[in-house]
Amino acid sequence: MVPSAALSNPASKTTPPARNGVQPQDLPSVDTLLRAAQIQPLVAENGHTLVASETRALLAELRKSAMAGHLTATQTTPEALAARLAARVDARLAPRQRAVINLTGTVLHTNLGRTLLPDAVLAHIQRVLAHPSNLEYDLASGVRGERDDLIEPLLCELTGAEAATVVNNNAAAVLLTLAALAAGKEVIVSRGELVEIGGSFRLPDVMQSAGARLVEVGTTNRTHARDYERAITANTAALMKVHTSNYAISGFTASVTESELSAIAHAHGLPLVSDLGSGALVDLSAYGLPREPMPQDMLRAGCDVVTFSGDKLLGGPQAGLIVGKSEWIARIRKHPMKRALRSGKLMIAALSATLRLYLRPERLAHDLPTLRLLIRPVDSIEATARALQPALQAALASRFTVDIVALQSQIGSGSLPVERLPSAGLAIIPVQEKGSGHALTQLAEAFRALPMPVIGRINDGRLLFDLRCLEDVTLVTRQLDALRLAAA
Ligand SMILES: *Cc1c(COP(=O)(O)O)cnc(C)c1O
């Protein structure tokens, strides 16, 4: 090993060797370090800019610990410095957005990115985005085309709509629809349907941003057809139904169906708009799941415009889909806000490839990860629990017990809020009662610090891992050595 003096400044030769540590003046200069044989491969791979800036930062850090008298000669060998520098460079280049393992029990977890894109979709994105594409180009005629043309025919076929368009997310779809159809005018909505989704989407606020005036009718629990009828004036632009996707009102309730409401709207020459939120494109009850209203149901019931998300039950990328009658879709498409909210080629590639999977409904439960996870049989989840339990128990040794437990998963993303899916998982409980709360938070932290972070939830003195979304148990088991070190 080369002693650290080999890399130090010539000036420091006059300094007597430190008795209890490396002195600041013994540290090499940035240039000396960058020229060292041990550092050169790092520079060759990553270039001078990044390695030099990390070298400067590392030396500043070392100078501080030298001044505090904490720096030893073994920490400043060229090998040790090269290793620390390589680690710093790796950390700088590591993506901030990382793949994680979702064991929260919520399948469509908004904070964890909702849907998982199907393999076929990922392959299509890779193929089509590495090259120019016919995003707005008609290959048959060789003239300018519309990006909607890549999505609209398929979306119409799948939903039975006359016309369709796409924007960035469903919040944008609602905003644009209201701005195009009702700016400066009134929209009638039931009080029971003034939803807030995750704090940042509140229907009254969206309505205001679109320049439309909200006219609330009925009461929280009961709204009748006559409530809507009485509220219609010369200033009314539309009637609106909002799917109460993240709550349920039960008990003494009444609401007006889309069919009844469309008859009222059409008698006055008004459109009926439906914000569906999730919008499953297939009947989920056929898969043993609770039924979620579909855009095709809404259109059949007479809705003129229906908006829904691409990354909820549809299982695709973040997108806002707008389907309905040609007349209204044309107005929506012509609105200047459409240009501001238009979807990029990345999303169009992902959405069109996802929609194509729906052409083979028999394969959907296999091809669409979101659906596959939602309908995963509980015995398959239990098998994962049995496979993971011994390895996890061994890794956590005597500090925690790991039990297989029955759990209830949620669909998430405001879909089917009161429904629970029978599931299974592991409950990790500290052996010692004293300080158990702290032990649990620390353990949860250690799981989140793994190379592929594992996200569970703490509930009632236990760290719970719902295994519905863990299809490959090795994703966790191969990280258990790192966990053992972290939890030690
Ligand atoms: C989720 C949801 C939205 C917002 O959709 P995003 O795609 O997240 O923008 C709007 N309305 C309802 C009813 C929803 O459930």
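Every number here is computed from the coordinates shown, using simple stated rules; none is lab data. These numbers come from a predicted model, not from an experiment. No Cβ is skipped: glycine too gets one built from the backbone with ideal geometry, and neighbour counts run over all protein chains shown.
What the table below lists for this structure:
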item: Ranked list, fewest to most other Cβ atoms within 10 Å of each Cβ, for HIS131, HIS124; result: HIS131, HIS124
item: Computed over region 119-365, the ratio Rg/Rh where both radii use C-alpha atoms and Rh is Kirkwood; result: 0.98
item: Gap separating the Cα centres of region 257-290 and region 442-484, nearest whole Å; result: 40 Å
item: Likely footprinting exposure, LEU321, LEU93, fewest C-beta neighbours within 10 Å first; result: LEU93, LEU321
item: Rounded if a/c under 1.5, otherwise prolate or oblate - region 413-488, Cα gyration tensor axes; result: oblate
item: Point-charge dipole on Cβ atoms (K/R +1, D/E -1) for region 119-365, about Cα centre, debye to 20; result: 420 debye
item: Top positive-direction residue, dipole computed over the chain with Cβ charges, set GLN25, GLN479, LEU58; result: GLN25
item: Dipole magnitude (debye, nearest 20) for the chain, charges at Cβ of Lys, Arg, Asp, Glu; result: 1260 debye
item: Net charge of Cβ neighbours under 11 Å - reference ARG191; Lys, Arg +1; Asp, Glu -1; result: -2
item: Distance cut-off 22 Å, percentage of C-alpha pairs in region 261-369 lying past it; result: 39 percent
item: Ranked list, fewest to most other Cβ atoms within 10 Å of each Cβ, for SER343, SER141; result: SER141, SER343
item: Signed unit charges on C-beta, dipole axis of the chain, positive-most listed residue ILE151, SER343, SER278; result: SER343
item: Charge dipole magnitude, Cβ of K and R +1, D and E -1 - region 230-372, Cα centre, debye nearest 20; result: 620 debye
item: Among ALA210, GLY288, THR223 the positive-end extreme of the charge dipole of region 119-365 (Cβ point charges); result: ALA210
item: Residue-averaged [θ]222 nm for the chain, counting only DSSP H segments that reach four residues, each worth -39500 (n - 2.57); result: -11500 deg cm²/dmol
item: Antiparallel bridges, percent of DSSP beta bridges restricted to the chain (to nearest 5); result: 60 percent
item: For region 322-384 versus region 153-215, the gap between their alpha-carbon centres in whole angstrom; result: 18 Å
item: The chain: projected area of the alpha-carbon convex hull, averaged over directions, in nm²; result: 31.6 nm²
